[in-house]
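Colleague: Sharing a structure here in structure tokens format.
What follows draws every value from the coordinates through simple rules; no lab data is involved. Model, not experiment: these values are computed from the prediction. Quick reminder, even Gly has a Cβ in these numbers, built from the backbone with ideal geometry, and neighbours come from all protein chains shown.
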Amino acid sequence: MDTRRDFLQKLGASIILMQLNSLKTFGQSLNPVPHYDDGKVLRVAIMGLGGYATRVAEAMKACTRAKLVGVISGTPSKIESWQTKYEIPTSNCYNYENFDAVRNNPNIDAIYVITPNALHHDQVIRVAKAGKHVICEKPMALNAKEGQEMIDACRKANVKLLVGYRLHFEPRTLEVIRMRNAGDFGKIKFFQGQCGFVAGDPNQWRLNKALAGGGALMDIGIYAINGARYMVGEEPIWVSAQETKTDPIKFKEGVDETIQFQLGFPGGAVASCLSSYNINHLDRFFLSGDKGFAEMQPSTGYGPIKGRTHLGEISQPIITQQTVQMDQMAAILLEDSKPVVPIDGAEGLRDLKIIDAIYQAVKTGKKVLLNH
Ligand code: NAD
């Protein structure tokens, strides 16, 4: 997948533009996004200049409606190199101590929080209090209680909260959702979501309970949870789950290595999912109804997403997911455009409630009912 990703990212700007142009037509039919005839652009500052932030920043170069204009980091040398690379003025640079002052900066509209999971709650609330819209990476928080507090803080501050669910704008994913809504698969009976890779460095924050809030489930199992919901098109009403741990040294107490979980939906569909930090080549969704099926593999990577249904290959355009995500988020934040699949704090909270229930089911060995 990395090779394909690298290849895609090396494509010239002209090809990316071509893809975006074809997506514009596609996007308008599925997801009416306003034109920016008035030249209005979402001015974004990124908080946390790590691996994923770098990917987002690079993808944003091709955005037409969102622009990277600021950074928040604890490392002065990183700020300096980002300033040079992305032409960021010093007046739009902050650190973790002083970023509340963004309140007085009229040149930043939104802050994209891309830090380790445990920091999201406090950082999002501080951004909200500073009066800026917030985009927060997944998982939105460590648990549903934190998620609710973040939603409340944003509501109180009258700012919008979005979660970085890039696949909600991915054309092939949206095509499966369109087909399901059109009844092409008939009554949905089953979903399978498998998300896993072997986590390398044992010292990374993702394997530190205090910073990650858990293990594979928080990081990638969430894709199977979120995917089950947007593929089946319903909210689950129960959860059961089982954990397997083969390496308790690497995956310490509270850091899950592998969890299998099942979700039950009100229409009778069931989902069977696998989340693992110790199994490679797991990136697959399968949706089955009484009239047909969809199979996506890869289903959640950076692309290209590949899929087929009982009617044939899914051939929607391949795009740079974060470019489209940021352009569409600009439309949501500036123009109140409505995405096909929700991307707001309430959407993030639904996943957190299921994560809480999965951990509870692992602990108790019992089925957990979900209240919405
Ligand atoms: P990373 O380790 O590459 O970057 C994290 C950044 O946060 C670093 O720049 C680090 O310096 C900074 N940071 C600030 N305070 C820190 C602290 N107390 N401890 C450690 N680092 C601190 O991680 P990443 O892969 O960029 O992940 C960041 C977030 O983005 C996570 O929430 C992750 O789940 C999410 N993410 C989302 C996607 C996606 O596809 N949507 C992909 C990767 C990561």
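Colleague: Alpha carbons only, please: Rg and Dmax for the range 278-372, in angstrom.
Modeller: In order Rg, Dmax, the Cα atoms of the range 278-372 give 17.3, 46 Å.
Colleague: In addition: Do any of 138/363; 85/129; 306/367; 145/252; 132/250 go past 31 Å between their Cα atoms, and which?
Modeller: Details: 138/363 23 Å; 85/129 29 Å; 306/367 33 Å; 145/252 24 Å; 132/250 39 Å.
The pairs that break the limit, which is 31 Å between Cα atoms, are 306/367; 132/250.
Colleague: In addition: At R0 = 22 Å, how high is the FRET efficiency between residue 198 and residue 249 if r is their beta carbon distance? Nearest 0.05 is fine.
Modeller: 0.90
Colleague: Here is a further query. Let me know the charge dipole size of the range 229-343 about its Cα centre in debye, to the nearest 20, where only the beta-carbon of Lys, Arg (+1) and Asp, Glu (-1) is charged. Could the numbers behind the result be given before it?
Modeller: Numbers: 9 positive and 14 negative charges, 49 e Å.
My answer is approximately 240 debye.
Colleague: For the chain, what is the calculated [θ] at 222 nm in deg cm²/dmol (nearest 500), taking -39500 (n - 2.57) for each run of four or more DSSP H residues and dividing by its residue count?
Modeller: Computed ellipticity for the chain at 222 nm equals -11000 deg cm²/dmol.
Colleague: Under 15 Å from the Cβ of residue 248, count the other residues' Cβ atoms, weight Lys and Arg +1, Asp and Glu -1, and hand me the total.
Modeller: Spelling it out: positives minus negatives among the neighbours equals -1.
Colleague: Would you please state the base-10 log of I(q)/I(0) at q = 0.13 1/Å for the chain, with intensities from the Debye formula using one equal scatterer on every alpha carbon?
Modeller: Rounded to two decimals, the profile gives -1.09.
Colleague: Given a Förster distance of 45 angstrom, what is the FRET efficiency for residue 149 paired with residue 315, based on the Cβ-Cβ distance and rounded to 0.05? Working shown, then result.
Modeller: On the way: r = 43 Å, r/R0 = 0.95.
Efficiency at R0 = 45 Å is approximately 0.55.
Colleague: Where the centre of each part is set by its Cα atoms, how far does the range 81-135 sit from the range 194-269, in angstrom?
Modeller: Between the Cα centre of the range 81-135 and that of the range 194-269, the gap is 29 Å.
Colleague: Also, quick follow-up: Can you tell me which of 155, 166, 229 moves the most in a GNM of the chain? Springs connect C-alpha atoms under 10 Å apart.
Modeller: Of 155, 166, 229, the Gaussian network model singles out 155 as fluctuating most.
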